[in-house]
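A quick write-up on the structure given underneath.
The values are calculated or read from the model by the stated rules, or taken from the named source; none is laboratory data. These numbers come from a predicted model, not from an experiment. Positions of Cβ are backbone-derived with ideal geometry, glycine not excepted, and every protein chain shown enters the neighbour counts. Note: areas computed on protein heavy atoms with side chains; ligands, DNA, RNA excluded. Shrake-Rupley method; radii C 1.70, N 1.55, O 1.52, S 1.80 Å.
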Amino acid sequence: MKHRRILRIVLIAFALLAFTGYFAFSTFLFSPLEKNYAYDVSTLAPRDVDFFIAKADLAADFKSDLSPVVLDRLAQTEAGQRLLDSPEWGSFIESSGMGGLGGQIGAELEKLPLSIDPLKVFGGRDVAIAGYQDGSGLSQARWAVYGRVNWMGKMAVELLDYPGLIGLEAQGLQASKENGAVTLSGGQLTSPLTIARVRDVLVLANDPSLVTSAREFEGKAGQDSLGQSARYHDEIQVRDREGDEVELLLRYATLAPRLGWPMASPDATSREWVEGFLGKLFQAQLVRDIAGTARLDTLTSINVSGALVSEEMSAFQKRFYRRKDATQMEVANRIARLAPADVGLFAYMEGDLGDLLRQLFDSLEPALVKNFESEIVAPVWGHSQVGGLISELEAALSDSVALVVKENSYTRDTDGAPVDGRVVPAWALVFESDDIDRVIALRDKVTQNTARLGLRGKPKGGGTYDAGVYKFPNAAGLTIFEYWSPVIPGTGHLASVDSPDFFILSNNWKMLDEMTKGYYGNAKTTLADRGDFVATVANALSNATLMVWLNPLAIAPALRQILAQQVEDDALNNVDWGLERERIGRELLADQHPGERWGSLAPDLETEVQDLIDVRIQDRREELRSELVPARLAESNRRVNLFAGIRGALIQLRLEPKTFELALRILGDNTP
């Protein structure tokens with residue numbers, strides 16, 4: 001009995017102690033039985049914020065200093081370390097500005113007296129950053145951090161009610177409390193920080209109004225918040241996702257001018273025709289909002305979409321964006337059957353062919369277009385302006401185009417077209433045909449005007465040559481036409497083939513042979529037979545205006561040779577060799593024939609001086625090569641090596657009159 005009495009007393013004492021402890025803890029800190037906030041943290045942010053970035057399971061992808069773990073994984077590979085060490089990476093981080101925001105917030109967390117370790121407090125739960133950009137530079141951003149915390153985080157916030165207990169004054173900090181939120185100022189803090197708790201969500205902001213709005217949203221179950229907006233629902237919630245991706249929403253039209261991000265880029269007025277043409281298709285200033293998700297475990301899956309400013313669009317852009325987008329699996333299974341499996345670039349775009357060609361010619365130098373019209377279009381096709389030829393092409397070909405580029409690994413025919421020794425990729429343009437008879441009629445104009453087009457075939461003797469057009473059947477039962485021209489670099493010829501389905505133009509007839517045999521034959525050697533390509537397309541956008549597949553691993557060897565050639569050309573072409581010859585000639589005459597005048601030499605002396613000039617010119621070329629080429633070549637190789645470890649990258653862009661969507665998928669050399 002005595003033992004039972006003692007046990008009863010102990011149990012009663014323990015119960016009283018537990019009750020007293022629970023009561024004291026609940027009174028002075030928080031209730032251990034308190035329910036968590038029932039909604040997503042996005043429902044605590046205002047719907048009109050300029051930026052919102054969120055991540056679940058923070059500890060899986062970030063370190064305690066908030067740097068992504070994937071960067072460590074990249075650093076463990078040779079290709080990844082090259083990328084991280086490159087000036088391009090540093091420039092990207094600096095220009096994007098978002099890395100600076102995370103660093104700024106992390107620095108403020110370190111100055112707090114709460115010893116908040118983001119991974120310990122937020123580690124396995126949701127964290128978000130949202131705010132407004134009021135001026136230029138991230139220092140003028142008003143931001144708030146919203147994070148689900150464990151009991152340590154809750155206790156850290158509640159202890160701010162007892163500044164003497166945690167020694168705030170000793171750290172030079174002052175704390176003031178209003179409407180359930182504590183504002184800290186002084187000490188090492190750059191600006192006052194306001195802290196509050198919405199059940200299990202800690203809200204920390206450099207703008208008290210963001211904390212106040214979070215508490216108001218709690219009372220309304222998130223109504224009128226960002227998380228309850230159509231913007232968040234349509235661009236984030238409805239995506240097919242696993243749930244732990246990074247979420248991103250940006251008001252690009254607001255942030256870009258304030259942070260120095262591109263607006264009028266690409267430049268539609270540029271006479272660099274590639275930039276000018278791309279600028280006519282799309283410009284950054286058309287973007288109003290950006291939203292997207294990205295997986296950080298491998299950095300291989302990014303989806304971005306957004307709203308476009310239709311009022312800023314040109315008439316061409318409005319027409320182009322209204323067109324029906326291509327079904328991507330059809331492209332992957334049908335059009336990609338024309339591309340060899342080891343292709344370095346495969347691109348496919350839907351669009352009004354006539355419109356695209358007009359924009360292309362509008363991007364060229366006007367003098368070049370005029371010369372093309374007078375020397376080629378008028379005498380060959382009978383049109384005074386290029387628009388007439390475009391109309392014929394528009395009637396003959398459908399509204400899509402594919403570009404196929406690969407290493408030019410084909411052996412050269414010993415009796416084939418003479419080449420200039422330059423290294424070039426093998427490329428082909430693929431058009432689907434609406435009217436094959438019109439295509440044949442256009443091609444016949446070429447075969448009838450070989451001299452006008454500068455075609456020149458095999459020598460016949462006496463300084464004469466064949467017309468330069470040859471045709472022969474291939475294994476797919478089609479006829480390949482080969483057009484010899486000394487102005488075609490690397491291969492010395494163009495080639496074409498037409499079928500009931502396609503018209504294809506290439507700079508190598510053997511590439512056409514491989515492409516048509518892959519499409520019409522049974523060999524499983526095409527891009528469409530690559531399981532990784534088809535699976536990647538199936539995991540991305542179902543419809544897109546533009547699809548691009550890149551395989552840097554396959555094209556890198558040829559690209560290094562091409563760039564090496566370009567580097568040497570640039571080093572030597574920057575010199576006006578005509579002026580250089582004259583300068584050297586005058587120096588020679590001054591040294592060896594002081595009485596002679598440049599430009600009025602006797603024939604024998606002219607020959608002697610020119611021979612000496614040739615020697616010095618060659619010496620000067622070698623000097624320039626040794627001075628300029630090695631450093632420039634090393635730089636070009638460095639840039640190629642940044643991406644040489646990628647065996648597949650899929651880029652898709654869908655353009656609509658009011659929205660756009662971009663998908664990126666990357667397969668590394670070791671990606672399964």
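Glu587 satisfies every condition listed in (1) acidic (Asp, Glu); (2) open to solvent by less than 70 Å² (accessible area, probe 1.4 Å); (3) assigned to a helix (DSSP H, G or I) except (2).
Residues of the stretch 642-672 being assigned to a helix (DSSP H, G or I) and open to solvent by 40 Å² or more (accessible area, probe 1.4 Å), which ones?
Our first condition is that a residue be assigned to a helix (DSSP H, G or I); within the stretch 642-672, this holds for 642-643.
The one that is assigned to a helix (DSSP H, G or I) and open to solvent by 40 Å² or more (accessible area, probe 1.4 Å): Phe643.
In summary, Val567 fulfils each of the numbered conditions (1) surrounded by fewer than 19 Cβ atoms within 10 Å (Cβ to Cβ); (2) farther than 29 Å from Met349 by Cα with the single exception of condition (1). Looking only at residues of the stretch 35-59 that are basic (Lys, Arg) and surrounded by fewer than 21 Cβ atoms within 10 Å (Cβ to Cβ), we find that the one that is farthest from Ser229 (Cα to Cα) is Lys35. Restricting the stretch 326-339 to residues that are out of contact with any Asp or Glu (no Cβ under 6 Å at 6 or more places or on another chain) and not in a helix (DSSP H, G or I) leaves a set whose member that is least open to solvent (accessible area, probe 1.4 Å) is Ala339.
Could you tell me whether Ala230 is without any contact (Cβ under 8 Å) to a residue 12 or more places away in the chain, more than 30 Å from Ala175 (Cβ to Cβ) and hydrophobic (A, V, I, L, M, F, W, C)?
Values: without any contact (Cβ under 8 Å) to a residue 12 or more places away in the chain: yes; more than 30 Å from Ala175 (Cβ to Cβ): yes; hydrophobic (A, V, I, L, M, F, W, C): yes.
When the stated conditions are applied, Ala230 passes them.
Restricting to the stretch 436-450, and then to whatever is open to solvent by less than 50 Å² (accessible area, probe 1.4 Å) and in a loop (DSSP other than H, G, I, E, B), can you tell me which residue is nearest to Ile488 (Cα to Cα)? So the residue we want is Thr450. Restricting the stretch 471-499 to residues that are within 23 Å of Arg452 (Cα to Cα) and touching a Gly at 6+ places or on another chain (Cβ under 7 Å) leaves a set whose member that is surrounded by the fewest Cβ atoms within 10 Å (Cβ to Cβ) is Val487.
Looking at Gly306, Gly222, Gly276, which one is open to solvent by less than 40 Å² (accessible area, probe 1.4 Å), under 27 Å from Asn543 (Cα atoms) and out of contact with any strand residue (DSSP E or B) (no Cβ under 7 Å at 6 or more places or on another chain)? Don't jump to the end; show me each part of the working.
Details: Gly306 fails: out of contact with any strand residue (DSSP E or B) (no Cβ under 7 Å at 6 or more places or on another chain); Gly222 fails: under 27 Å from Asn543 (Cα atoms).
The conditions single out Gly276.
When Gln317 is tested against the conditions (1) in a strand (DSSP E or B); (2) open to solvent by less than 20 Å² (accessible area, probe 1.4 Å); (3) of a type outside the set (Ser, Thr, Tyr), the lone failure is (1). Is there a residue in the stretch 422-433 that is in a helix (DSSP H, G or I) and open to solvent by less than 40 Å² (accessible area, probe 1.4 Å)? The answer is no, given that none of the residues of the stretch 422-433 is in a helix (DSSP H, G or I) and open to solvent by less than 40 Å² (accessible area, probe 1.4 Å). Thr269 satisfies every condition listed in (1) free of Cβ contacts under 8 Å to residues at least 60 places away in the same chain; (2) surrounded by 19 or more Cβ atoms within 10 Å (Cβ to Cβ); (3) farther than 25 Å from Asp50 by Cβ; (4) not aliphatic (A, V, I, L, M) except (2).
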